[in-house]
Amino acid sequence: MRISADKIASVTRNLKLDRTLTLSPTVKAEHGAVVAGRILGDKSGYNQLEDVHGRMNVIHGDDVIIGALGHRNALHGYEGVLPKSVKQGQVLHVLNLGGVIGECVSHNPEVGTPFEFEVLGQVLVYPEFQSREGQSANISMGALQKEGRTLDCKVIYVAGTCMNAGKTAAACALVRRLSQAGYRVGGAKLTGVSLMRDTLSMRDYGAEVTYDFTDAGVVCTSQDSANQVAHTIFSQLSGRGLDVIVAETGDGIMGDYGVQTILADAELMALSAGFVFCANDPVGVAGGVRHLKSEYGISADVVTGPATDNNVGVRFVEREVGMKAINARTHSKAFGEHIHGLLTKRGIRNP
């Protein structure tokens with residue numbers, strides 16, 4: 001079966017697909033399987049799809065889109081699972097803006113119900129020159145591989161209580177300030193569900209090179225994949241001559257995307273040059289800071305996020321938790337200068 005796709009989602013970017021594609025009616029129900037489907041109906045909200053260039057496109061009913069099978073566990077979005085089997089004509093759901101396709105089992109009312117996606121088939125690719133035998137496409141094809149080199153990079157970790165806790169804003173503020181100070185800065189998104197938006201933002205703010213878990217062949221991270229993905233990304237960035245890497249962990253330190261396995265990995269934590277903690281509210285700050293210390297022996301260097309949106313939160317953090325609090329959005333320069341000063345004290349200077 002030959003189709004012409006209306007939109008190709010960013011989750012498939014490792015494959016560099018053309019719009020004209022050949023499909024197999026047989027679909028492998030596995031994470032990363034690249035599938036084509038027809039959108040059923042229209043929506044007025046949460047109705048966009050990020051393409052392979054990072055541009056957002058409005059989805060319309062009857063659009064044929066290309067995405068990849070996976071799961072999602074988003075408190076402020078959709079909960080979706082990988083189906084046990086997938087057949088042509090089966091109706092699944094678009095679980096996120098990056099084109100992750102699965103079976104939605106619950107949703108946050110703020111985003112409404114997801115788009116329905118009628119499965120047309122699995123995309124075939126032809127990696128062997130002049131071969132007419134197609135292979136079932138998966139985003140693991142063309143993905144980054146872990147290099148054998150020793151991890152020698154310096155990493156500023158940005159973690160938080162939950163999604164929408166200000167992690168990307170903090171990461172971008174750091175990238176900008178350190179780049180302006182003369183550092184060669186890399187960016188990384190270690191966990192979450194596939195979307196280019198955050199790493200593209202880091203590029204916009206001055207990161208020389210960025211990678212995320214989808215570059216490493218993963219649609220949505222989990223306890224089984226997160227720390228291996230981090231090793232792969234850092235092994236790639238270690239060979240780029242960077243002075244420091246700003247690494248965001250998507251979701252929260254107690255979520256389902258595997259952040260815990262990164263925090264518990266001694267080799268990954270030994271790379272730490274700084275640790276930023278983002279929180280939505282004062283209780284999240286207090287609980288999160290204590291949890292990091294008691295479970296992983298990690299002491300955060302600064303608190304930011306919505307909990308510091310005004311002086312009320314800042315006073316609470318500094319008085320009750322005894323930590324420095326700086327809002328990365330409203331006081332981005334002071335926030336970046338604080339981390340820059342810590343790097344200098346720790347002997348991590350730009351050449």
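Hey, what angle do you get for helix 332-345 against the long axis of the chain, alpha-carbon based, 0 to 90 degrees rounded to 10? Value to nearest ten degrees: 70. Measuring nothing but alpha carbons in the chain and taking Rh as the Kirkwood radius, the Rg to Rh ratio lands at 0.99. Using only side-chain charges placed at the Cβ, +1 for Lys and Arg and -1 for Asp and Glu, the dipole size of the stretch 2-136 relative to its Cα centre rounds to 280 debye. Placing +1 on each Lys and Arg Cβ and -1 on each Asp and Glu Cβ, with no other charges, gives the stretch 155-345 a dipole about its Cα centre of roughly 620 debye. Note that the stretch 251-257 has calculated 3J(HN,Hα) couplings of 6, x, 6, 10, x, 9, 9 Hz, one per residue in order, obtained from phi through the Karplus relation 6.51 cos²θ - 1.76 cosθ + 1.60 (θ = phi - 60°); glycine and proline are x.
Given the -39500 (n - 2.57) contribution per DSSP H run of 4+ residues, what per-residue ellipticity at 222 nm results for the chain, rounded to the nearest 500 deg cm²/dmol? Could the numbers behind the result be given before it?
Values: 8 runs with 78 residues, N = 351.
Calculated at 222 nm, the ellipticity per residue is -6500 deg cm²/dmol.
Working note: Karplus 6.51/-1.76/1.60 with θ = phi - 60° gives the stretch 310-320 the couplings 9, 5, 4, x, 4, 4, 4, 4, 6, 7, 8 Hz, where Gly and Pro are set to x. About its Cα centre, the dipole of the chain is roughly 860 debye, where the only charges are +1 on Lys and Arg Cβ and -1 on Asp and Glu Cβ. Taken as Cα centroids, the stretch 276-295 and the stretch 54-93 sit 33 Å apart, rounded to the nearest whole angstrom. Helix 167-180 and the long axis of the chain differ in direction by around 70°, with both axes built from C-alpha atoms.
The stretch 97-131 and the stretch 163-220 have Cα centres lying 24 Å from one another. For the stretch 99-106, putting each phi into the Karplus relation 6.51 cos²θ - 1.76 cosθ + 1.60 with θ = phi - 60° gives couplings of x, 7, 10, x, 9, 6, 10, 6 Hz, in residue order, rounded to whole numbers and with x for Gly and Pro. Counting only alpha carbon atoms, the long axis of helix 226-237 and the longest principal axis of the chain meet at about 80°. Global dimensions of the stretch 2-136 from alpha-carbon coordinates: Rg and Dmax equal 14.1, 49 Å.
Annotation: amide H of V209 within the under-5 Å range of G187, sequence separation 5 or more or interchain, hydrogens built in the peptide plane. When you work out D = kT/(6 pi eta Rh) for the stretch 155-345 at 25 °C and 0.890 mPa s, using the Kirkwood radius from C-alpha pairs as Rh and the Stokes-Einstein form, the result is 152 µm²/s.
Read the figures in this text as sums done on the coordinates, not as results from a lab. Here the structure is a predicted model, which is why all the values come from computation and not from measurement. Cβ sites come from the backbone with ideal geometry, for glycine too, and all protein chains shown count toward neighbours.
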